[in-house]
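Written out below as structure tokens is the structure these notes cover.
The values are calculated or read from the model by the stated rules, or taken from the named source; none is laboratory data. This is a predicted model, so every value here is computed, not measured. Ideal geometry is used to build each Cβ from the backbone, glycine not excepted, and the neighbour counts take in all protein chains shown. With ligands, DNA and RNA removed, areas are computed over all heavy atoms of the protein, side chains included. Shrake-Rupley method; radii C 1.70, N 1.55, O 1.52, S 1.80 Å.
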Amino acid sequence: MTRFITLLLLLSLSGCGSQPYRAAELPSSTAEPSSEVRASLLQQYREWQGVPYLLGGEDRQGVDCSAFTQLTFRQRLGAEIPRTTLAQARLGYQVEMPQLQPGDLLFYRSRVKLRHVGIYIGKGEFLHASTSRGVMISSLNNPYWIQHFWQARRLTD
């Protein structure tokens, strides 16, 4: 746990975006170990499912994407991470899509300053607070997410 917290405190200055991925590059199920992290993230989803998106929101009345990831890391993974998407995008180190593990952060951007963050839960899916549907699980194969993928980051080794 100490290693996990130490790695969370280290910020990477690397902000390079990755090329959009193709479905063939998604992690295979054999590469993903059965995980307590996945189970914990799915429990978070059950408790927060449908909570509406609210820019600046930080509770069950409404939550934005970076607040949701911050709350999830605190409540489910026992770690403190920064509040903003940009600050979260500087944590840990960048990983490629085929190496994704539950708990990795996924970042998307549709314009230079418009960013979105979610948490990979395994099996080609991620948990996030969607502007249109609130807290939900989405597929990495969704054409929208494929088109707007920016980077994935791991906070642990």
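Structural remarks
- Residues of the stretch 133-157 that are surrounded by 13 or more Cβ atoms within 10 Å (Cβ to Cβ) and part of a helix (DSSP H, G or I): TRP145, ILE146, HIS148.
- Residues of the stretch 55-93 that are under 24 Å from ARG38 (Cβ atoms) and charged (D, E, K, R): ARG60, ASP64, ARG74, ARG76, GLU80.
- Criterion (at pLDDT 95 or above, at negative phi and open to solvent by 40 Å² or more (accessible area, probe 1.4 Å)) met by exactly one of VAL63, VAL51, VAL37: VAL37
- Residue match in the stretch 100-117 (condition: farther than 20 Å from ARG153 by Cβ, out of contact with any Gly (no Cβ under 9 Å at 6 or more places or on another chain) and at pLDDT 95 or above): no
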